[in-house]
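See below for the structure under consideration.
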Amino acid sequence: MISLPTGTKVWLAAGKTDMRKGFDGLAAVAEGALKENPLSGHVFVFRGRMGDRVKVLWWDGQGLCLLYKRIEKGSFVWPAAKDGKISVTPAQLASLLEGMDWRMTRAAAHTDRMMGSAQSFLCSADSCTTQDCLSCGACRHCIPPPSPMTSPP
């Protein structure tokens, strides 16, 4: 995956896009339908009618770049909205391009303050909230991260 500069926004164009569009056609969609400047440096992702193809458009500072991906089995997970745009993180974009459900990608580390420790916990449950873990420290879904490997002396 191409690394994106810090602060880069990633926009999914909701609905279906004509995959015959190229640089100029997709830039026009970004500007018209999404109300964003295609030369802003942000990333715009478009999905085709069948759901097995996406195009990613971004300005790298020198020119427009276009990535086209076809997934061989299944389809890309996409928002149900018919129009508009959805903002996702670069990590979610990476998951989407791998064919995974990008909606499951989220920051999950938080601290157990009730127990008086500064140990971080990773939560694996959608029902868990930061408030649950910070107030009682008894969230059964939270597990401590693996301890760092130490090298022998």
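Loop-located trypsin sites (Lys or Arg not before Pro) across segment 38-98 with a Cβ neighbour count of 13 or fewer within 10 Å are ARG49, LYS73, LYS82, with loop assigned by DSSP. For segment 1-83, the fraction of 1.4 Å probe accessible surface lying on carbon and sulfur atoms is 51 percent.
The values are calculated or read from the model by the stated rules, or taken from the named source; none is laboratory data. None of these values were measured; they are calculated from a predicted model. All Cβ positions, glycine included, derive from the backbone under ideal geometry; neighbour counts span all protein chains shown. We work out accessible area using only protein heavy atoms, side chains counted, and drop any ligands, DNA or RNA first. Shrake-Rupley method; radii C 1.70, N 1.55, O 1.52, S 1.80 Å.
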